[in-house]
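Inspection log for the structure reproduced underneath, given as structure tokens.
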Amino acid sequence: MSGDYALVLPEIIMALGAMGLLMFAVYGGEERQTGRVVWASAALMAALGIWIASGGAPQGVAFNGDFVAD
């Protein structure tokens, strides 16, 4: 079962990062923080893209075939 979670780790990181950035944008207060949120989300996506492209993310089937990473 822990192997299943390792397989979906990039998606979990992306979801948690997006939720964190959303909370920062909503409760940040100032409109000038928009640029920070945009750049932080771009950096998060770029980092995950590099990690996945470099082969850091495992491939396979998880959760009894409900999730396929290829």
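The values are calculated or read from the model by the stated rules, or taken from the named source; none is laboratory data. What you are looking at is a predicted structure, and each value in this text was computed from that prediction instead of being measured. Every residue, glycine as well, gets a Cβ built from its backbone with ideal geometry; the counts of neighbours run over all protein chains shown. We work out accessible area using only protein heavy atoms, side chains counted, and drop any ligands, DNA or RNA first. Shrake-Rupley method; radii C 1.70, N 1.55, O 1.52, S 1.80 Å.
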Tabulated pairs, region 29-43, first closer than 17 Å to I13 by Cα, second surrounded by 11 or more Cβ atoms within 10 Å (Cβ to Cβ) and modelled with pLDDT under 90, C-beta under 7 angstrom, 6+ apart or interchain: V37/F24; V37/A25
Being modelled with pLDDT of 90 or more, among the polar types (S, T, N, Q) and surrounded by 11 or more Cβ atoms within 10 Å (Cβ to Cβ), is that true of even one residue in region 19-34? no
Could you list all residues from region 6-17 that are part of a helix (DSSP H, G or I) and touching a residue at least 24 places away in the same chain (Cβ under 8 Å)? A6, L7, L9, P10, I13, M14, G17
Name the single residue that is most open to solvent (accessible area, probe 1.4 Å) among those in region 35-70 being hydrophobic (A, V, I, L, M, F, W, C) and assigned to a loop (DSSP other than H, G, I, E, B). F63
